[in-house]
Every structure is written in structure tokens, then in C-alpha cells.
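Below you'll find the structure, written out as C-alpha cells, and then a few comments.
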Amino acid sequence: MSTLLVLGYPTEDKAKQAYQEVLNLDNDLIVNLQSVAVVAKRDNGKFDVVTPGQPIGNSTVWGLFWGMLFGLIFLIPFWGAAIGAGLGAITGFFVKRGVDFQNRVRNLLTEKDEAAVFMVVNEMTEDKFVDAMRPFGGDVLQTSLSIKDEEELKCELGKC
């Protein structure tokens, strides 16, 4: 089962530092990432994907996943992902499961320059992950995706 984990930070710089530590933890096998991205809130109230210097996902499916998820939550386009039917699919997916995920994430990013690290995690050594991330602080929001739900989401995005 995969877990969608969101870590919210008071500044974009702090989120970028946390992002880099997450990548280090992935290299050290403390966390097994499928995909990771950073989103920051701007002065004008809009959101940008600001993932520094790394690929955001390892496949087209993850590019579509992030595009639809960020489009749903923040109303921002991502990598030119098609909105229309795909957005309807992911909206229906989250609504169908009773997940108030959109509002929970938006509540993490209410002020300008706040940012969040989004990651889909296969597995992690939780105590080591928490110890490594503790210096960065931040707010944690997490939702689990079962294998079935993850596959259904990918199919709804046209990649099954």
C-alpha cells in the first residue's frame, strides 16, 4: 500500500531543505519514494510547483497524478496535464472515498511563501524518518492509498 504524505512548512526555503533531506533519506533506504514534489504559495495567492533540480516522478503516470492532484487542490496546471476528464476522474476518486483532502492541504498553505513537500511513499522506517525530519519541523498531513485504490486512480487517469 502506498501513502500520500504531505509536509507543510512556513517558508519555501524550509520546504526545499526538507525536500532535499527526503531525497537523502530515499538514497539511504530509510524511505522508499515513488514520487516527490514541492508546491509553494505566492504573494498573489497562486501556487507554483517549485521542486528544485530533481525529476518529480519516474513515469508519465506520476506526472499525470501530480498534475491532476495539484490542479484539483490548487487550481494550477502542471506539465500541461489535461484538465477535463482527468480532473473529473480524480475529483470523483477523492470525493467517492469521503476524503476532505483538498481542504486539509489548502489549510496547510494559507500564507504567502508557505510551501509543502508532497510524496508518495511505498514504505519507510518511521522512527528514522521522523528523527531525520524533526529539525525541519512542519505540519504533517497523510492519507493512505490501498493498492486497489492506487490502481483504480491510475486507471481513472487512463494508465491501466
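The values are calculated or read from the model by the stated rules, or taken from the named source; none is laboratory data. Every value quoted in this text rests on a predicted model; they were computed, and no experiment measured them. Methodologically, a virtual Cβ is constructed for each residue, glycine included, from the backbone with ideal geometry; neighbour enumeration extends over all protein chains shown. Accessible surface is based on the protein model in full, side chains and every heavy atom, while ligands, DNA and RNA are left aside. Shrake-Rupley method; radii C 1.70, N 1.55, O 1.52, S 1.80 Å.
Please go through the range 120-148 and pick out each residue that is among the aliphatic types (A, V, I, L, M) and without any contact (Cβ under 8 Å) to a residue 24 or more places away in the chain.
VAL130
Quick check on the range 33-47. Is at least one of its residues open to solvent by 20 Å² or more (accessible area, probe 1.4 Å), modelled with pLDDT of 60 or more and farther than 23 Å from ARG106 by Cβ?
yes
Say whether the condition of being of a type outside the set (Lys, Arg) and at pLDDT below 80 is met by at least one residue in the range 130-143.
For the range 130-143, residues of a type outside the set (Lys, Arg) and at pLDDT below 80: present.
Which members of the range 4-13 meet the condition of being open to solvent by 30 Å² or more (accessible area, probe 1.4 Å) and either of a type in the set (S, T, N, Q) or outside any helix (DSSP H, G or I) (or both)?
Selection gives PRO10, THR11.
Quick check on this structure: which one of VAL121, VAL105 is within 16 Å of the chain's Cα centre (by Cα) and either closer than 13 Å to VAL22 by Cα or at pLDDT 85 or above (or both)?
Step by step, each of VAL121, VAL105 is checked, and only VAL121 is within 16 Å of the chain's Cα centre (by Cα) and either closer than 13 Å to VAL22 by Cα or at pLDDT 85 or above (or both).
Which ones in the range 14-45 are of a type in the set (A, V, I, L, M, F, W, C) and not in a strand (DSSP E or B)?
Result: ALA15, ALA18, VAL22, LEU23, LEU25, LEU29, ILE30.
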